[in-house]
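Asks: I have a structure I would like to understand better, so I am pasting it below and will then ask my questions one at a time.
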């Protein structure tokens, strides 16, 4: 594996993520922009957090695939939500896409994203040999 997990026990009290990930030397790195749940067809944006989170994670999976990577290569994920009430629904979607992968993680609840109707953006850092 290209990563070593360094847990001290803080993250496991909150969710399914790691306290820290160490990436081995000489890896390829992939960093995404904030990725919202916009429909690639141009049909817009689902109105609910589950629909937007599904699309955002589908886009992340697609980006990883273009780079020859998978979710197991993610070392850090940062998530931005605009409503604290959406955390539980978002977490269910995230868990479905990440499975047993436990990257370092940060979730922020902020007042607004670039468009007021965007409820979530996800950005990742991945590393692979």
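Asks: Being closer than 25 Å to residue 19 by Cα, out of contact with any strand residue (DSSP E or B) (no Cβ under 9 Å at 6 or more places or on another chain) and not in a strand (DSSP E or B): is that true of residue 61 here? So that I can check it myself, show each step before the final result.
Replies: On the way: closer than 25 Å to residue 19 by Cα: yes; out of contact with any strand residue (DSSP E or B) (no Cβ under 9 Å at 6 or more places or on another chain): yes; not in a strand (DSSP E or B): yes.
Answer is yes for this residue.
Asks: Right, another one. Got a number for residues in the stretch 46-76 being out of contact with any helix residue (DSSP H, G or I) (no Cβ under 8 Å at 6 or more places or on another chain), free of Cβ contacts under 8 Å to residues at least 60 places away in the same chain and surrounded by 19 or more Cβ atoms within 10 Å (Cβ to Cβ)?
Replies: 2
Asks: Follow-up question, since we're still on this one. Of everything in the stretch 105-129, what is under 22 Å from residue 22 (Cβ atoms) and modelled with pLDDT of 95 or more? Give them in sequence order. Give the derivation first.
Replies: Taking the stretch 105-129 first, the residues under 22 Å from residue 22 (Cβ atoms) are 105-107, 123-129.
Answer for the stretch 105-129, where residues must be under 22 Å from residue 22 (Cβ atoms) and modelled with pLDDT of 95 or more: 105, 106, 107, 123, 124, 125, 126, 127, 128.
Asks: Inside the stretch 19-45, can you point out the residues that are loosely packed, with under 15 Cβ neighbours inside 10 Å, under 19 Å from residue 121 (Cβ atoms) and touching a residue at least 24 places away in the same chain (Cβ under 8 Å)?
Replies: 31, 33, listed by residue number.
Asks: Could you run through the stretch 1-33 and say how many residues are assigned to a loop (DSSP other than H, G, I, E, B), closer than 15 Å to residue 106 by Cβ and touching a helix residue (DSSP H, G or I) at 6+ places or on another chain (Cβ under 9 Å)?
Replies: Looking only at the stretch 1-33, we keep the residues that are assigned to a loop (DSSP other than H, G, I, E, B), and these are 1-2, 6-10, 14-17, 19-20, 24-27, 32-33.
Filter once more, so that each one left must be closer than 15 Å to residue 106 by Cβ: 10, 14-17, 19-20, 32.
Okay, now just the ones that are also touching a helix residue (DSSP H, G or I) at 6+ places or on another chain (Cβ under 9 Å), so 15-17, 19-20, 32.
Of the residues in the stretch 1-33, 6 are assigned to a loop (DSSP other than H, G, I, E, B), closer than 15 Å to residue 106 by Cβ and touching a helix residue (DSSP H, G or I) at 6+ places or on another chain (Cβ under 9 Å).
The values are calculated or read from the model by the stated rules, or taken from the named source; none is laboratory data. All values derive from a computational prediction rather than experimental measurement. Quick reminder, even Gly has a Cβ in these numbers, built from the backbone with ideal geometry, and neighbours come from all protein chains shown.
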